[in-house]
1. So, for region 5-236, what is the accessible surface per residue at a probe of 1.4 Å, expressed in square angstrom?
2. What is the extension gain from residue 186 to residue 370, computed as 0.36 nm multiplied by their sequence separation minus the C-alpha to C-alpha distance, in nm to one decimal?
3. Could you check what % of the DSSP bridge pairs in the chain are antiparallel, to the nearest 5?
4. Evaluate Rg over Rh across region 316-373, taking Cα atoms for both radii and Kirkwood's formula for Rh.
5. Taking 7 Å along the Cα-to-C-beta vector as the label spot, tell me the residue 89-residue 107 distance in nanometres, rounded to one decimal.
6. Could you please state how large a percent of the accessible area of the chain is carbon and sulfur, counting protein chains only and using a 1.4 Å probe?
7. Quick check: residue separation of residue 267 and residue 221 times 0.36 nm, minus the Cα distance between them. What number comes out in nm?
8. Label 7 Å along Cα→Cβ of residue 169; region 104-146 residues with amide nitrogen under 18 Å?
Amino acid sequence: MIGGLRITNLSHAFGDEKVVNGVSVFVAPSEVVCLLGPSGCGKTTLLRVAAGLDRLQKGQIRIGETMVDDGATGLNVPPDQRGIGLMFQDYALFPHLNVLENIIFGVKADTPARREWAETALEQMGLSGRGDNYPHTLSGGQQQRVALLRALATEPSVLLLDEPFSGLDVARRAAVRGQSLEMLRDTGVATLLVTHDPEEAMFMADRILVMNHGRVVQDGSPEQIYFQPNTEFVADLFGTVNRLTGTVTSGALATAIGIFDTKDLEYGTMAQVLIRPEAFRLAVVGETPAPRPGDAPFLPAPLVATPSDRGVVVTGARSLGRASLVSFIVPSDNGDVELEARVPGVFLPEPGTRVTVTVNTKQAHVFPVDDNG
Ligand code: ATP
């Protein structure tokens, strides 16, 4: 395929510390690929090498059909000749240039057509009429959008973004992400975005590459990463998960809240089921759970239920406004375990109430106990 970014078998070390280890990434034109992983897993290093800011040590990088880095031959095209746009976390607009001048700063041929593009793009980003403003008169979110347009103004075929939204507060981040994504789709640029925020990756990405210790541990669509995590590490990325352990018998893991399919795990393996808080449905014993908004897509998923209709005992419940967090105790191999459910709406049973539990098995994942990704 013509266009896009292809990183092949890239490895990078600082002294004795190997921080990127044989990573390959392909980003097609118009595609947004997110590198997602914890701090220190090598995401920024990979991006900096792709940008040409750090000298490649091992591997190859192609932009479109053009090789820009080759560890074998020492080929190394300087950053400004790669046809890439860059935006890092600490992007800074030039304070002495107005918005329009900031955007077209790097454009070689400052043509009327380019200025027209900038005006239209500002409009699309909700900044119409702001071209003459100076950066200090803009909010953080507005500055971020200008910085993105500056990175796109040179018509790069590849855009590299490192935590571009991390400086913004939660409310602003959502709006800026949405507008930025639309802009990226319109330009057809191949975007590689680094983030440690799984929600951001889910929102922005066509494909997510999860990294840990310098390696890609899973590569898939946001839905695959969320619903089919291949390791405990990936399942854990999305925040609190509940864990129940046990021993696999004939393809199944029996727990106090149901029997889970263990796929190909061998008989006798110590296994754990990781259940997301939103996978639970609770009902006070003797009452039928009220249908709730949000239930509908869950219903076709197979559910496993508490084997006993006596239910389990609630230990606490807190309202988060839109949802409620309810903790309850279940017996397990290692004694009682407290689990936490996140249920939509207001559901605040008193401590001591008995509730029945059903689990959406699409959000429950079984792994061997020693599997750390
Ligand atoms: P974060 O999300 O915190 O930015 P990251 O996944 O982007 O993390 P990197 O910034 O790529 O991780 O860093 C990977 C490892 O390489 C870290 O252990 C870091 O300390 C180390 N490192 C990064 N840059 C350098 C450098 N210039 N010299 C020495 N070590 C470095």
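The values are calculated or read from the model by the stated rules, or taken from the named source; none is laboratory data. If you're wondering where the values come from, they're calculated on a predicted model, not measured in any experiment. All Cβ positions, glycine included, derive from the backbone under ideal geometry; neighbour counts span all protein chains shown. Just so you know, the surface numbers come from the protein's heavy atoms only, side chains and all, with ligands and any DNA or RNA stripped out. Shrake-Rupley method; radii C 1.70, N 1.55, O 1.52, S 1.80 Å.
1. Result: 43 Å² per residue.
2. Length gained between residue 186 and residue 370: 61.8 nm.
3. If we restrict to bridges inside the chain, about 80 percent are antiparallel.
4. Answer for region 316-373: 1.03.
5. If labels sit at residue 89 and residue 107, their model points lie 3.1 nm apart.
6. Numbers: 9000 of 17430 Å².
So the carbon and sulfur contribution to the accessible surface is 52 percent.
7. Net length gain for the segment: 13.4 nm.
8. Correct set: 137-145.
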